[in-house]
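In what follows, a single structure is set out as structure tokens and then discussed.
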Amino acid sequence: MMIKIHPRNPENRFSKLGYKTNSNTEIPWEIIALNNDFSDTILMTIASGSSITSHFISGKDANKSIMLYDMKEIDKEKLTPSISIFDTICRKDPYFVFPKDFEDLQEILCGVLEDA
């Protein structure tokens, strides 16, 4: 597991907790996606457009892109208003998965790993 730190995030709280993170936050995700093979990778985000744009722009996909913003544990009021746009362009695309809660997320992850 690796956590990509947002370029405008001044504090890397995940590294302090022992998670592997990117050290250079200046490189946009889309550039990383264009130059690497993520076909055996599962992308997971609460509500970042980066996994969406890399899918549509680069044509180089990860195994799956899991969007967490539908989960009952996530307060949608605190998220980007772009979610309605994400829904419009991603809901019917099987590349994107939208778990409803932690149990659903676990089932999705187990299913993706079993298929690998």
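The values are calculated or read from the model by the stated rules, or taken from the named source; none is laboratory data. Keep in mind that what you see is a predicted model, and the values were worked out from it rather than measured. Don't worry about glycine lacking a Cβ; one is built from the backbone with ideal geometry, like all the others, and counts go over all protein chains shown. The area values use the complete protein model at the heavy-atom level, side chains included, leaving out ligands, DNA and RNA. Shrake-Rupley method; radii C 1.70, N 1.55, O 1.52, S 1.80 Å.
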- Can you spot a residue in the stretch 23-35 that is modelled with pLDDT of 90 or more and in a loop (DSSP other than H, G, I, E, B)? no
- Item | Residue list for the stretch 64-115, restricted to those being of a type in the set (Gly, Ala, Ser) and either touching a Ser or Thr at 6+ places or on another chain (Cβ under 7 Å) or open to solvent by 100 Å² or more (accessible area, probe 1.4 Å) (or both) | SER65
- Note on the structure: Scanning the stretch 35-58 residue by residue, the ones that are open to solvent by less than 80 Å² (accessible area, probe 1.4 Å) and more than 24 Å from ASP75 (Cα to Cα) total 7
- Message: Testing ASP61 on (1) charged (D, E, K, R); (2) under 27 Å from ILE31 (Cα atoms); (3) modelled with pLDDT under 90; (4) exposed (fewer than 11 other Cβ atoms within 10 Å of the Cβ), one condition comes back false. Which one is that?
- Response: (4)
- Task: For residues that are more than 11 Å from the chain's Cα centre (by Cα) and polar (S, T, N, Q), scanning just the stretch 54-92, find the one that is nearest to LEU113 (Cα to Cα).
- Result: ASN63
- Top-ranked residue in the stretch 1-22 [being part of a loop (DSSP other than H, G, I, E, B), loosely packed, with under 14 Cβ neighbours inside 10 Å and of a type in the set (D, E, K, R); ranked as modelled with the lowest pLDDT]: ARG8
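Across the stretch 83-114, what is the number of residues that are of a type in the set (Ser, Thr, Tyr) and either at pLDDT below 90 or within 22 Å of ILE32 (Cα to Cα) (or both)?
Here the count works out to 1.
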- Scanning the stretch 19-33 for residues that are in contact with a Ser or Thr (Cβ under 9 Å, 6 or more places away or on another chain) and charged (D, E, K, R) gives GLU30
